[in-house]
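To start, the structure under review is shown below, and the notes come after it.
What follows is calculated from the coordinates using simple rules that are stated; it is not laboratory data. Here the structure is a predicted model, which means the values were calculated and not measured. Reconstructed Cβ throughout: ideal geometry from the backbone, glycine too, with neighbour counts over all protein chains shown.
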Amino acid sequence: MVTRLDPPTPLDIAFSSRIGVDVKGDMWSAIQIPNSAELFGSLRSVRVDAKVDEVVVEDMGLMPTGSGELMLSVSAALRKKLGKEVGDEVRIVLLRRLT
């Protein structure tokens, strides 16, 4: 069972990145979170609220990449809202840590 932080921890961490993370030779529709091991103190999955460009995404899971970082999945529906594809640059703001 995942323990929710009560209250959630504010983050306000902003960065730009391209959509696309190489996971074992496959390009995934995701955004790598730089310095995530240091930022979250672990490489275990973490739930956050975030903003990708101007689209708020709530309760999203940051997943391990397998290469020492965490990544935020970018679904086809989110890419459509953003008008972006794999390889395009986006602005990410991590708003709150939930777990």
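Let me spell it out: the conditions are (1) out of contact with any helix residue (DSSP H, G or I) (no Cβ under 7 Å at 6 or more places or on another chain); (2) loosely packed, with under 14 Cβ neighbours inside 10 Å, and Val93 meets all of them except one. Which number is the exception?
(2)
Rundown of residues vs (1) closer than 17 Å to Ile13 by Cβ; (2) charged (D, E, K, R); (3) surrounded by fewer than 12 Cβ atoms within 10 Å (Cβ to Cβ), yes/no style:
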position: Lys51; (1), (2), (3): yes, yes, no
position: Gly61; (1), (2), (3): yes, no, no
position: Gly68; (1), (2), (3): no, no, yes
position: Lys84; (1), (2), (3): no, yes, no
position: Arg97; (1), (2), (3): yes, yes, no
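Considering each residue of the range 14-36, count those that are surrounded by 18 or more Cβ atoms within 10 Å (Cβ to Cβ), more than 16 Å from Glu89 (Cα to Cα) and out of contact with any Leu (no Cβ under 6 Å at 6 or more places or on another chain), and give that number.
Going through the range 14-36 one residue at a time, the tally reaches 0.
Out of all the residues in the range 37-46, which are touching a Pro at 6+ places or on another chain (Cβ under 9 Å) and surrounded by 15 or more Cβ atoms within 10 Å (Cβ to Cβ)?
Scanning the range 37-46 gives a single hit, Leu43.
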